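One structure is given here, and the rest of the page talks about it.
The values are calculated or read from the model by the stated rules, or taken from the named source; none is laboratory data. Given the structure is predicted, the values throughout are model-derived calculations rather than measurements. Counting neighbours? That spans all protein chains shown, and the Cβs are built from the backbone with ideal geometry, glycine included. All accessible areas refer to the heavy atoms of the entire protein, side chains included, with ligands and DNA or RNA removed. Shrake-Rupley method; radii C 1.70, N 1.55, O 1.52, S 1.80 Å.
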Amino acid sequence: MRVKDLMTTELITVGRKSSLKEAARRMIEAGISGLLVTDADGSLEGVITEADFVKAESGRRAAKRARLLQWFSNGQSKIPSSERLVEDVMTAEVITLGPNADHAEAARLMQKAGIKRVPIVDNDDRPVGIVSRSDILRAFARSDSDIIDEVVDHIVRDVLWIEPSRIRVSSVDGNVTLTGHLETKSDATLLEDLVRRVDGVVSLASSLSWEVDNSKLEMVPPPPGPRRTSWR
């Protein structure tokens, strides 16, 4: 399954020059834990998450404490205030994927990088969606009826052109069982391989049989003998 079939396309973004207060307000109102940071042309520049706010707050307190000591030691009475911006704490090096990436690739990427979401960008590096761990999990949490329908209607009928009545497919919690009698062993082998790749399939038990074991058929060279030449 492609990530474009799973991703969220209603994106909430923020500019790098926006205040942290504005970014926090947007996150709270939308009930999300992160925002994409884009420039004026809509290209992705970074992300800002709750973790960035936590780091910013701890750093802000330490810096404020240091400034206070410095200003008091210099005999100053007024301390200037400066509002922190998104660009001060955002993560600029962002891992992205294209919309045609496979959901399994997205899952491996999130696992390896230890992240919860991946922005999906087009060829111009503009975000078109975002896919999260929960989106990926939905691909593996398909109902048994959906799995059976894809195997019978798509793989058996449309891809392999096999008469569905020759196959019996059952699925319990993603554990698929195949029974039936096919024309060739290669048909059975290919069917089993394609079923294992179906989203939501946890395991496959197959007892398919066949009429012809075409895996053993080999090209037999002609017997040795004198070479004949035809003359006109």
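May I ask you to list pairs of residues, at least six apart or on different chains, whose Cβ atoms are under 7 Å apart, with the first in region 192-206 being touching a residue at least 60 places away in the same chain (Cβ under 8 Å) and the second being open to solvent by 40 Å² or more (accessible area, probe 1.4 Å) and hydroxyl-bearing (Ser, Thr, Tyr)?
Final answer for the pair search is none.
PRO119 - would you say it is part of a loop (DSSP other than H, G, I, E, B), under 30 Å from GLY34 (Cα atoms) and either at pLDDT 95 or above or under 17 Å from the mean Cα position of the chain (by Cα) (or both)?
No: the conditions fail for PRO119.
So is LEU190 outside any strand (DSSP E or B), farther than 27 Å from ARG138 by Cβ and open to solvent by 20 Å² or more (accessible area, probe 1.4 Å) or not?
It is true that LEU190 is outside any strand (DSSP E or B), farther than 27 Å from ARG138 by Cβ and open to solvent by 20 Å² or more (accessible area, probe 1.4 Å).
Residues ILE162, ILE155, ILE136: which one is open to solvent by less than 50 Å² (accessible area, probe 1.4 Å) and in contact with a strand residue (DSSP E or B) (Cβ under 8 Å, 6 or more places away or on another chain)?
None of the others qualify; the one that does is ILE162.
Which number in (1) out of contact with any Asp or Glu (no Cβ under 7 Å at 6 or more places or on another chain); (2) in contact (Cβ under 8 Å) with a residue 40 or more places away in the chain; (3) at negative phi marks the one condition that ALA139 misses?
Among (1) out of contact with any Asp or Glu (no Cβ under 7 Å at 6 or more places or on another chain); (2) in contact (Cβ under 8 Å) with a residue 40 or more places away in the chain; (3) at negative phi, the lone unmet condition for ALA139 is (1).
Find the residue count for region 106-126, including only residues that are exposed (fewer than 13 other Cβ atoms within 10 Å of the Cβ) and under 20 Å from GLY200 (Cβ atoms).
Total satisfying the criteria: 2.
Which ones in region 102-116 are in contact with a strand residue (DSSP E or B) (Cβ under 8 Å, 6 or more places away or on another chain) and under 22 Å from ILE32 (Cβ atoms)?
HIS103, ALA106, LEU109, MET110, LYS116
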